[in-house]
Amino acid sequence: MKLGEIKNLTTFRILFTGFLVLLLLVPMGMIESVITERGHLYRQANEEITASWGSGLLLTGPVLSLPYVETVGGGIGRSYETRYKHLRPGAMVINASIDIEVRHRGIYKVPVYSADVLMHGRFMLAEVLATAEDTALFALEQGLVQIPVSNGRALKEPVQFSWDGAEVALRAHRDGSAEEAVIFNAELPAASLDRDTVHTFELRLMLAGSSELAFVSSSQAMAINIDANWAAPGFFGVHLPASYTIGDDVFTAAWEVNDFFTDPGHADSECIAFHWIAGQPRFGVRLVQSVDTYQLVTRAAKYAVLFIGLTFLVYFFTEWFGKVALHPVQYLFVGMANCIFYLLLLSLAEHIRFGMAYLISASAATVLISLYSLSILKGRARAALVWVTLAGLYAYLYVTLQSEDYALLIGSIGLFVILGLIMYTTRNIDWRRTPEVNSEG
């Protein structure tokens, strides 16, 4: 058999078309590397902004530390040691009003927030001291209030603290166990603590942060209320909100947390350390960007083989049924147009909304390939078939990208339907037969 006859064999043409698809994976790999690089630049800009503004914050309530004397041993060898009981509030309410704004670094946008946090609650000493062996050994006149803050640089105004309605001055101490943490403390006046009195406190923090606002269980009964001007909250952690509402540009959320095991221990240490708190299970809210451009474009690029392969399949069947002869270079031009769609999508999505960027990119690629098909396929009906195929593929891809929770389900069903259509269309083809082609044009 002559070489020219071999080139017309159906099997050879199918294998060669598959080779072209694999060949086009080279430019797609280069495009995916560009997507990865741009995503890295975005993360770098994010890190620079959060480093100067403030990172995610972890909030907890104040701790009341009481010294007490513990008897060690007995008889002649008996000794006395000073130890500490660290008490958390019996009940506490946290109200946080979060103002979110978008900061720019070049073309990149990063959401940051300012939070006005008001905590108020109560300490009930009688419930705690009643369990001690000898309550008289607690030195209530030496009570120390300690307030841990996860990042001292996040404080935009001085911490305001009041005990039983009276303002109390605080002193800041760097926490050696955590690089950025700060511990504020205040020695209460001698007459400020009484075992039979329910003591109240109020704490106000003005904070700047980004990414997330997290909490740990810091009282037996804790209520948290958050309102923010952000439309895409991501709730996480060991406790989810008891209720929440999400509007176009705002959300509110409320937690009700009951935790009876809040004793931090560490009776040997007078000063608390932030790592006692940081190691506990946390919960809260993240500022989720409604559209993660680079993640969506990366997911879209994974469908490149499907797009290129199905487009080539349409051209192959057009050659088969329409008796049109196409050159491999024409296949390559069409494949390259499909590849450039992803680069165009990336470049536009960095400046405008993803949906609009996708519409413009998909429309441009579809029109370009359809007009080219109108010339090389020698027929409007054939070019219309290419247009319908591409429009359907781009619509299918967009729905898959937007349905993050059901992306796998939609993708697998879509692929199953596409394969079924191909099998149905080709059910009567004799693959051993060489297609007749018309070499004109």
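The values are calculated or read from the model by the stated rules, or taken from the named source; none is laboratory data. Here the structure is a predicted model, which is why all the values come from computation and not from measurement. Methodologically, a virtual Cβ is constructed for each residue, glycine included, from the backbone with ideal geometry; neighbour enumeration extends over all protein chains shown.
Checked across region 206-216, the condition of being surrounded by fewer than 19 Cβ atoms within 10 Å (Cβ to Cβ), at pLDDT 80 or above, at positive phi and in a loop (DSSP other than H, G, I, E, B) holds for at least one residue. Looking at region 185-205, which of the residues that are assigned to a strand (DSSP E or B) and within 19 Å of residue 91 (Cα to Cα) is nearest to the chain's Cα centre (by Cα)? Filtering region 185-205 for residues that are assigned to a strand (DSSP E or B) and within 19 Å of residue 91 (Cα to Cα), the one nearest to the chain's Cα centre (by Cα) comes out as 205.
Just a yes or no: is a residue in region 271-282 modelled with pLDDT of 80 or more, within 18 Å of the chain's Cα centre (by Cα) and either under 25 Å from residue 208 (Cβ atoms) or surrounded by 14 or more Cβ atoms within 10 Å (Cβ to Cβ) (or both)? So far as region 271-282 goes, yes, one or more of its residues are modelled with pLDDT of 80 or more, within 18 Å of the chain's Cα centre (by Cα) and either under 25 Å from residue 208 (Cβ atoms) or surrounded by 14 or more Cβ atoms within 10 Å (Cβ to Cβ) (or both).
Could you check region 318-332 and list, in sequence order, the residues that are in a helix (DSSP H, G or I), of a type outside the set (Ser, Thr, Tyr) and in contact with a helix residue (DSSP H, G or I) (Cβ under 7 Å, 6 or more places away or on another chain)? Passing the criteria: 322, 328, 330, 332.
Take the conditions in the same structural domain as residue 399 (by TED's automatic domain parsing), over 23 Å from residue 29 (Cβ atoms) and in contact with a Phe, Trp or Tyr (Cβ under 9 Å, 6 or more places away or on another chain) and apply them to residue 373. Does it pass? Taking the combined requirement at face value, the residue satisfies it. Against the conditions (1) in contact with a Pro (Cβ under 8 Å, 6 or more places away or on another chain); (2) more than 24 Å from residue 113 (Cα to Cα); (3) not acidic (Asp, Glu), residue 285 satisfies every one except (2). Just need a number here: residues in region 141-197 that are modelled with pLDDT of 80 or more, surrounded by fewer than 14 Cβ atoms within 10 Å (Cβ to Cβ) and of a type in the set (Gly, Ala, Ser). Final tally of qualifying residues: 3.
Taking into account only those residues within region 37-61 that are in contact with a Ser or Thr (Cβ under 9 Å, 6 or more places away or on another chain) and among the aliphatic types (A, V, I, L, M), which is farthest from residue 223 (Cα to Cα)? My answer is 49. For the structure I just gave you, tell me whether residue 97 is surrounded by fewer than 18 Cβ atoms within 10 Å (Cβ to Cβ), in the same structural domain as residue 114 (by TED's automatic domain parsing), modelled with pLDDT of 80 or more and small (Gly, Ala, Ser). Judged against the criteria, residue 97 is a match. Scanning region 377-423 for residues that are among the aromatic types (Phe, Trp, Tyr) and within 30 Å of residue 288 (Cβ to Cβ) yields a count of 4.
Filtering region 181-204 to residues that are under 30 Å from residue 110 (Cα atoms) and either touching a Lys or Arg at 6+ places or on another chain (Cβ under 9 Å) or among the aromatic types (Phe, Trp, Tyr) (or both) leaves 181, 182, 183.
Here is a yes/no grid of residues against (1) in the same structural domain as residue 29 (by TED's automatic domain parsing); (2) in contact with a Gly (Cβ under 9 Å, 6 or more places away or on another chain); (3) crowded, with 18+ Cβ neighbours inside 10 Å; (4) of a type in the set (Lys, Arg):
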site: 338; (1), (2), (3), (4): yes, no, yes, no
site: 346; (1), (2), (3), (4): yes, no, yes, no
site: 355; (1), (2), (3), (4): yes, no, no, no
site: 384; (1), (2), (3), (4): yes, no, no, no
site: 388; (1), (2), (3), (4): yes, no, no, no
site: 400; (1), (2), (3), (4): yes, yes, yes, no
site: 411; (1), (2), (3), (4): yes, no, yes, no
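Pairing residues of region 14-32 that are in contact (Cβ under 8 Å) with a residue 24 or more places away in the chain and assigned by TED's automatic domain parsing to the domain that holds residue 319 with residues that are surrounded by 14 or more Cβ atoms within 10 Å (Cβ to Cβ) and among the hydroxyl-bearing types (Ser, Thr, Tyr), at Cβ distances under 6 Å and at least 6 apart in sequence or on separate chains, gives 20/331; 31/342.
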